[in-house]
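Below are the structure tokens for one structure; questions will follow.
Coordinate-derived values only; no laboratory data. Given the structure is predicted, the values throughout are model-derived calculations rather than measurements. Ideal geometry is used to build each Cβ from the backbone, glycine not excepted, and the neighbour counts take in all protein chains shown.
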Amino acid sequence: MPIARPTRSPARFATAAAALVLIPLAPLAHAETAGADTGDGRVTVTQTENARWPSGYQAEITVTNDTGAPLEDWTIEFALPEGAKVHQMWNATLEPDSGGYTATPPRWGATVPAGESYTFGYNGVFSGGETGFTECTVNGDPCQGTPEEPEYRQVGYFTQWGAADRGYPVKDLVESGQAERLTNLNYAFANLDENGRCFMTDEDGQGDAHADYGRVYGAADSVDGVADDPDQPLRGTFNQLRELKEANPGLRVSIAIGGWAWSDHFSDAALPENREAAVESCIDLYLRGNLPELNGAGGDGAAAGLFDGIDLDWEWPGTPGEPGNVIRPEDKENFTALVREFRDQLDALEKEEGREFDLTAFVPADTGAIDAGYEVDELVEEFDFMNVQGYDFSGAWAPIAGHQSNVRVPEGDPAATPRSYETVVQAYLDRGAEPEDLVMGVPFYGRGWTGVEPGPQGNGLWGDAAGAAPGVWEAGFNDYKVLKEYVGRDGFELYRDEHAGTAWLYDGTEFWNFDDPTAIAQKAAWAREAGLAGVMTWSLDGDDEQGSLVRAFDEELNGRG
């Protein structure tokens, strides 16, 4: 189902005509056409080589205004192939720089009326070969305009601890191909203090400001290949995310607040006396980018423009999550009021800054938690979309091995109230959501048991288990990139339930329910057929080096391999 998309910079493109300065492309010979969306229509730019001699050439550049209003001003930034240079330009002002050239209207002006064109040109020198643009932007947008954007939201969570603990820096999003296939990235997590206010710290278990914006990245680990200056105010993952956005202008990055470990004080934030200040603190810290000065970094506006929204991950209003969470009977109503406060303040910030900000949430798969904490019919009016938990339906806490993320209820499921994507989504629809309000979560990890009996089918499914299987990071848990290496070795056999849309591994003792590219594609296909807005994943660092799982849902939803 097509989604209503917020106004944003164009997504990354890749064609032979033109490109952002960050993405060199092969030149065109003799003529090329490019364009930029202006909001009301398109501005196109055509370069035509109309003469050539042994040491030089002549070219014309035409700006065509296909919008509905006069184009009062324009800026074209372009680069030429190695060996080609502009010698003399007429009817435009030219400024060379180390990366190429900037052309702007001449001093007498050159307004382009709606539906009309303006032509200027230059004599160039060259050593033979091509003369077409290798890079080009029009008024800061890609010269060829906005490509067809993904039809579905494709959301990924990137963890704060991923770089230091798992060796998964932001650069891996680029090298794996994940970044160019995502529409939204949620950075997990921000913490709340006893008054429900967002804060930064390096106190163990409370925050990691050093990882967020203090760590100095060397050139080899940096998205843009340039080392951080130790004195720059924004370093760490935040600066890497900024570089990632520069390379992928269509990607929207949100700060995720809470999560399993840091939902302790969400109930405090939602109290009537705390709401306004709590929301203001989060917007000031992350959206205005006013970071406290820690580790020699930070300061007012240090992270301004980095985040495009806020993702609320209260796990869970009105019900226990991690031990120690504050819980109140009025959490359900207070959460709705807190969400409205976020939306109101974000609306005011949009008017102030002239750009849109997203408000999203991670919501549970358990109907008891839904009813205890969520006024679904009211919340969908405030959120841009909600990411629905599509995993942890079962795990080593259960006495028998089963499915943790199944699309449909499998035949023979012994649970008293079986869960599946179908049952969870229907719970939200029954409570006032529409399919387009929902993005379905898929796991990039598996759940495992050990001491598992063969069970009724002889393949471990529904077999009695002794406990959690050993995992790399925690018992009963392994990333996909780990589990894929189990296939075909050490006695493990791969099984599938095509109807349930799930897979598992069993060696007679250990049982792992997990999602490989085939299972992820099945889940994405179901989300499309159900009319949902897209797919979300926890978490991106569980994928392999090729980004196989992200590629699987991108290909299924958008036809891109």
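Restricting to Cα pairs below 8 Å that are 6+ residues apart, what does the relative contact order work out to for the chain? Please round to a whole percent.
Worked out over the chain, it gives 12 percent.
Do the sum for the chain: with -39,500 (n - 2.57) for every DSSP H run of n ≥ 4, divided by all residues, what is the mean residue ellipticity at 222 nm, to the nearest 500 deg cm²/dmol?
-5500 deg cm²/dmol
Further question on the same structure: Report, to the nearest 10°, how far helix 421-430 tilts away from the longest principal axis of the Cα atoms in the chain, using its own Cα long axis and a range of 0 to 90°.
The helix 421-430 is inclined about 80 degrees to the chain.
Now for a separate question. Let's see if you can work this out: charge +1 on each Lys and Arg Cβ, -1 on each Asp and Glu Cβ, no other charges. What is the dipole magnitude of the chain about its Cα centre, in debye to the nearest 20?
Once rounded to the nearest 20, the dipole reads 1460 debye.
Quick one: P(r) of the chain from all Cα-Cα pairs, 20 Å bins, percents rounded to integers, in order of increasing distance.
All Cα pairs considered, the percentages come to 20, 48, 26, 6, 0.
Report the FRET efficiency, 1/(1 + (r/R0)^6), for residue 87 and residue 220, where r is their Cβ-Cβ distance and R0 is 51 Å, rounded to 0.05.
FRET efficiency, residue 87 to residue 220: 0.85.
Residue farthest toward the positive end of the dipole of the chain, with Cβ of Lys/Arg at +1 and Asp/Glu at -1: which of 225, 393, 188?
It is 225.
Here's another thing I want to ask about it. If you line up the long axis of helix 548-558 against the longest principal axis of the chain, both from Cα atoms, how many degrees apart are they, to the nearest 10?
Compared with the principal axis, the helix lies near 70 degrees.
Tell me which chymotrypsin sites (Phe, Trp or Tyr not before Pro) from the stretch 329-404 have a DSSP coil assignment and no more than 15 other beta carbons within 10 Å of their own.
Answer in residue order: 397.
Output the 0 to 90 degree angle, nearest 10, between the alpha-carbon long axis of helix 331-353 and the longest principal axis computed from the alpha carbons of the chain.
Tilt of helix 331-353: around 10 degrees.
On to the next question. With only Lys, Arg, Asp and Glu charged, each at its Cβ (+1 for the first two, -1 for the last two), find how big the charge dipole of the stretch 31-142 is about the Cα centre; round to the nearest 20 debye.
The dipole magnitude comes to about 400 debye.
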